[in-house]
1. In region 1-116, carbon and sulfur make up what percent of the accessible area (probe 1.4 Å)?
2. Contour minus end-to-end for ASP30 and LEU84, with contour as 0.36 nm per residue of separation and end-to-end as the Cα-Cα distance?
3. Pairs to check: LYS3/LYS25; LYS44/LYS127; LYS44/LYS122; LYS3/LYS122; LYS25/LYS96. Give those whose C-alpha atoms are more than 31 Å from each other in this structure.
Amino acid sequence: MLKYTLEHRKAVDVVMQCRDLGLRKFELTDEEWEIAGQLRDVLKILKDATLFFSRSTPSLATVIPAMDLIDDKLTSYLQDHKYLPAIRAAVCLAKKTVNRYYELTDTSEVYRIAMVLHPRHKLSYFKNAGWEDEWVDTAEALVRDEFERSYEHTIVNNDSTDNEDNGLGVPEKLTKGDSSMVCFLSISLPVLMLS
(Lines give C-alpha, C1' and ligand atoms only; values in the text may rest on other atoms or scores of the structure.)
Protein backbone atom coordinates (compact mmCIF):
# COMPACT_ATOMS: atom_id res chain seq x y z
CA MET A 1 0.00 0.00 0.00
CA LEU A 2 2.83 2.38 0.88
CA LYS A 3 4.67 1.51 -2.32
CA TYR A 4 1.51 2.13 -4.38
CA THR A 5 0.85 5.47 -2.65
CA LEU A 6 4.41 6.64 -3.26
CA GLU A 7 4.23 5.62 -6.93
CA HIS A 8 1.06 7.67 -7.30
CA ARG A 9 2.07 10.69 -5.24
CA LYS A 10 0.86 13.24 -7.80
CA ALA A 11 -2.59 11.70 -7.96
CA VAL A 12 -2.80 11.47 -4.15
CA ASP A 13 -1.77 15.13 -3.84
CA VAL A 14 -4.43 16.20 -6.36
CA VAL A 15 -7.16 14.29 -4.51
CA MET A 16 -6.06 15.70 -1.14
CA GLN A 17 -6.08 19.27 -2.48
CA CYS A 18 -9.68 19.03 -3.65
CA ARG A 19 -11.66 21.17 -1.18
CA ASP A 20 -14.95 19.47 -2.01
CA LEU A 21 -13.73 16.16 -0.57
CA GLY A 22 -12.67 17.66 2.76
CA LEU A 23 -9.35 15.79 2.75
CA ARG A 24 -7.04 18.81 2.88
CA LYS A 25 -6.15 18.14 6.54
CA PHE A 26 -4.71 14.76 5.46
CA GLU A 27 -2.42 16.22 2.80
CA LEU A 28 1.21 15.18 3.34
CA THR A 29 4.07 17.66 3.51
CA ASP A 30 7.28 17.06 1.55
CA GLU A 31 8.95 15.86 4.75
CA GLU A 32 6.12 13.39 5.38
CA TRP A 33 6.48 12.08 1.82
CA GLU A 34 10.21 11.63 2.47
CA ILE A 35 9.44 9.72 5.67
CA ALA A 36 6.99 7.52 3.77
CA GLY A 37 9.65 6.74 1.13
CA GLN A 38 12.26 5.88 3.73
CA LEU A 39 9.74 3.79 5.65
CA ARG A 40 8.98 1.81 2.48
CA ASP A 41 12.69 1.12 2.00
CA VAL A 42 13.18 0.00 5.61
CA LEU A 43 10.08 -2.20 5.69
CA LYS A 44 11.12 -4.07 2.53
CA ILE A 45 13.28 -6.58 4.46
CA LEU A 46 10.31 -7.50 6.67
CA LYS A 47 8.02 -7.81 3.65
CA ASP A 48 10.58 -10.02 1.88
CA ALA A 49 10.90 -12.26 4.96
CA THR A 50 7.12 -12.51 5.28
CA LEU A 51 6.76 -13.49 1.62
CA PHE A 52 9.62 -16.00 1.89
CA PHE A 53 8.09 -17.78 4.87
CA SER A 54 4.59 -17.62 3.36
CA ARG A 55 5.37 -18.90 -0.15
CA SER A 56 8.31 -21.18 0.46
CA THR A 57 8.55 -24.32 2.51
CA PRO A 58 10.46 -22.91 5.46
CA SER A 59 12.33 -25.15 7.85
CA LEU A 60 13.81 -24.59 11.26
CA ALA A 61 17.23 -24.24 9.64
CA THR A 62 16.03 -21.15 7.71
CA VAL A 63 14.77 -19.24 10.76
CA ILE A 64 18.14 -18.26 12.25
CA PRO A 65 19.71 -17.13 8.94
CA ALA A 66 16.58 -15.11 8.13
CA MET A 67 16.62 -13.44 11.54
CA ASP A 68 20.35 -12.75 11.17
CA LEU A 69 19.70 -11.09 7.80
CA ILE A 70 16.88 -8.97 9.23
CA ASP A 71 19.03 -7.97 12.19
CA ASP A 72 21.96 -7.03 9.90
CA LYS A 73 19.70 -4.92 7.66
CA LEU A 74 18.07 -3.14 10.60
CA THR A 75 21.51 -2.44 12.09
CA SER A 76 22.69 -0.93 8.81
CA TYR A 77 19.56 1.27 8.59
CA LEU A 78 20.06 2.38 12.18
CA GLN A 79 23.63 3.48 11.49
CA ASP A 80 22.89 5.14 8.14
CA HIS A 81 22.39 8.87 8.69
CA LYS A 82 20.66 9.33 5.33
CA TYR A 83 17.55 8.14 7.18
CA LEU A 84 15.64 10.74 9.16
CA PRO A 85 15.72 10.54 12.98
CA ALA A 86 12.07 9.40 13.05
CA ILE A 87 12.92 6.43 10.80
CA ARG A 88 16.01 5.52 12.81
CA ALA A 89 13.95 5.65 16.02
CA ALA A 90 11.36 3.33 14.47
CA VAL A 91 14.14 0.99 13.27
CA CYS A 92 15.56 0.91 16.80
CA LEU A 93 12.18 -0.23 18.14
CA ALA A 94 11.84 -2.80 15.34
CA LYS A 95 15.32 -4.14 16.10
CA LYS A 96 14.43 -4.54 19.78
CA THR A 97 11.29 -6.46 18.82
CA VAL A 98 13.15 -8.73 16.37
CA ASN A 99 15.84 -9.40 18.97
CA ARG A 100 13.21 -10.27 21.58
CA TYR A 101 11.87 -12.96 19.23
CA TYR A 102 15.38 -14.03 18.26
CA GLU A 103 16.22 -14.59 21.93
CA LEU A 104 13.25 -16.96 22.14
CA THR A 105 15.13 -19.34 19.84
CA ASP A 106 17.53 -19.84 22.75
CA THR A 107 14.71 -21.38 24.79
CA SER A 108 14.39 -24.20 22.28
CA GLU A 109 17.34 -26.38 21.37
CA VAL A 110 15.80 -27.50 18.10
CA TYR A 111 16.80 -24.37 16.16
CA ARG A 112 20.49 -24.85 16.84
CA ILE A 113 20.29 -28.62 16.39
CA ALA A 114 18.54 -28.13 13.03
CA MET A 115 21.24 -25.68 11.95
CA VAL A 116 24.10 -27.99 12.94
CA LEU A 117 22.54 -31.00 11.20
CA HIS A 118 21.63 -29.03 8.07
CA PRO A 119 24.02 -30.12 5.28
CA ARG A 120 24.57 -26.55 4.10
CA HIS A 121 25.13 -24.95 7.50
CA LYS A 122 26.71 -27.24 10.10
CA LEU A 123 28.86 -25.44 12.67
CA SER A 124 30.42 -23.31 9.96
CA TYR A 125 27.28 -21.12 9.78
CA PHE A 126 27.73 -20.00 13.38
CA LYS A 127 31.46 -19.43 12.90
CA ASN A 128 31.01 -17.49 9.65
CA ALA A 129 28.22 -15.41 11.17
CA GLY A 130 30.61 -14.32 13.93
CA TRP A 131 28.89 -16.06 16.80
CA GLU A 132 30.91 -16.24 20.01
CA ASP A 133 32.94 -19.44 20.43
CA GLU A 134 30.93 -20.29 23.54
CA TRP A 135 27.69 -20.27 21.51
CA VAL A 136 29.24 -22.45 18.79
CA ASP A 137 30.48 -24.90 21.43
CA THR A 138 27.02 -24.91 23.01
CA ALA A 139 25.38 -25.68 19.65
CA GLU A 140 27.74 -28.61 19.10
CA ALA A 141 27.21 -29.85 22.66
CA LEU A 142 23.41 -29.72 22.18
CA VAL A 143 23.63 -32.02 19.16
CA ARG A 144 25.99 -34.42 20.88
CA ASP A 145 23.87 -34.48 24.06
CA GLU A 146 20.68 -35.11 22.06
CA PHE A 147 22.36 -37.92 20.17
CA GLU A 148 23.67 -39.52 23.36
CA ARG A 149 20.31 -39.12 25.12
CA SER A 150 18.12 -40.39 22.29
CA TYR A 151 20.11 -42.43 19.81
CA GLU A 152 23.46 -43.61 21.13
CA HIS A 153 22.07 -46.87 22.48
CA THR A 154 20.09 -47.64 19.34
CA ILE A 155 21.59 -50.52 17.45
CA VAL A 156 22.32 -50.00 13.78
CA ASN A 157 22.13 -53.33 12.04
CA ASN A 158 25.44 -53.83 10.29
CA ASP A 159 25.73 -57.61 10.50
CA SER A 160 25.10 -58.03 6.79
CA THR A 161 28.02 -58.89 4.54
CA ASP A 162 27.06 -55.91 2.29
CA ASN A 163 27.86 -53.42 5.05
CA GLU A 164 31.48 -52.43 4.79
CA ASP A 165 32.99 -49.79 7.02
CA ASN A 166 33.62 -46.51 5.16
CA GLY A 167 36.45 -45.39 7.44
CA LEU A 168 34.19 -43.27 9.63
CA GLY A 169 32.84 -46.20 11.62
CA VAL A 170 29.56 -45.99 9.69
CA PRO A 171 28.35 -48.87 7.52
CA GLU A 172 28.24 -48.08 3.79
CA LYS A 173 24.77 -49.60 3.44
CA LEU A 174 22.23 -49.51 6.21
CA THR A 175 19.55 -52.14 6.26
CA LYS A 176 15.83 -51.70 5.75
CA GLY A 177 15.02 -51.93 9.47
CA ASP A 178 17.31 -49.08 10.51
CA SER A 179 15.74 -45.90 11.87
CA SER A 180 16.22 -43.09 9.36
CA MET A 181 17.05 -40.65 12.17
CA VAL A 182 19.69 -42.98 13.55
CA CYS A 183 21.15 -43.36 10.07
CA PHE A 184 21.17 -39.60 9.55
CA LEU A 185 22.75 -38.90 12.90
CA SER A 186 25.30 -41.68 12.56
CA ILE A 187 26.43 -40.11 9.29
CA SER A 188 26.15 -36.46 10.45
CA LEU A 189 27.94 -36.64 13.77
CA PRO A 190 31.32 -37.70 12.36
CA VAL A 191 30.99 -34.84 9.85
CA LEU A 192 30.61 -32.39 12.75
CA MET A 193 34.17 -33.16 13.70
CA LEU A 194 35.27 -32.19 10.19
CA SER A 195 33.39 -28.85 10.07
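1. Carbon-and-sulfur percentage of accessible area, whole number: 59.
2. So the extension gain works out to 18.1 nm.
3. Distance filter (> 31 Å) returns LYS3/LYS122; LYS25/LYS96.
The values are calculated or read from the model by the stated rules, or taken from the named source; none is laboratory data. Owing to the predicted nature of the structure, the values given are computational and were not obtained by experimental measurement. The accessibility values were calculated without ligands, DNA or RNA, using every heavy atom of the protein model including side chains. Shrake-Rupley method; radii C 1.70, N 1.55, O 1.52, S 1.80 Å.
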